[in-house]
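No lab work stands behind these numbers, since they all come straight from the coordinates. These numbers come from a predicted model, not from an experiment. Every residue, glycine as well, gets a Cβ built from its backbone with ideal geometry; the counts of neighbours run over all protein chains shown.
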Amino acid sequence: MNKLRGFEIAKGFEDMEITIPVRKTARSAGYDIEACEDTVIEPFQPGMKPTLVKTGLKAYMQDDEYMMLCNRSSNPGKRGLVMANSVGIIDADYYGNVDNDGHFMFSFYNFKDEPVFIKKGEAIGQAIFMKYLIVDNDNASGVRAGGFGSTDKK
């Protein structure tokens, strides 16, 4: 079978009974992503870092594709959860990287006054696979050197 795009369990999460994402309807753009462990997201305080909610997943795709991580539409209004980066971008070369095997996570801030409890198996967001275009005279030749936030390291 020729693999085009999909999800796999990231190294270190094989025994955690993680659900491989699926679309819920024939016209859904996104694959529903679940938390792979219980997580508490504390109320936002100025200067605090966002909470990373683990998925235990990695995604493979074609070289001219990326995966967009999006918040659930109900999260901001009902739970006070917003993604710290608004939209997450997972590049094709993130898959299998040496730092974390391509494990992707959701980065949240909680704008409610009380902690938000995420349970293992709870849907936390969506993943959408997309094609991208490049500009004339593009000559990118770099090679990913690590995982999360590694493309800006010198």
> Could you give the Stokes-Einstein D for the range 14-64 in µm² per second, using the C-alpha Kirkwood radius, 37 °C, 0.692 mPa s?
Replying inline: 235
> Straight-line reach from residue 3: which aspartates and glutamates have a Cα under 13 Å away, not including same-chain ones fewer than 8 places off?
Replying inline: 63
>> If I model a spin label at residue 62 and residue 130 as a point 7 Å from the Cα along the Cα→Cβ vector, what separation in nanometres do I get?
In response: 1.7
>> Kirkwood Rh and Cα-based Rg: tell me the resulting Rg over Rh for the chain, rounded to two decimals.
In response: 0.97
> About its Cα centre, what dipole magnitude does the chain give when the only charges are +1 on Lys and Arg Cβ and -1 on Asp and Glu Cβ, stated in debye to the nearest 20?
Replying inline: 400
> Residue farthest toward the positive end of the dipole of the range 4-135, with Cβ of Lys/Arg at +1 and Asp/Glu at -1: which of 82, 66, 35?
Replying inline: 82
> Can you flag which of 58/131; 54/120; 24/49 are past 21 Å Cα-Cα?
Replying inline: 24/49
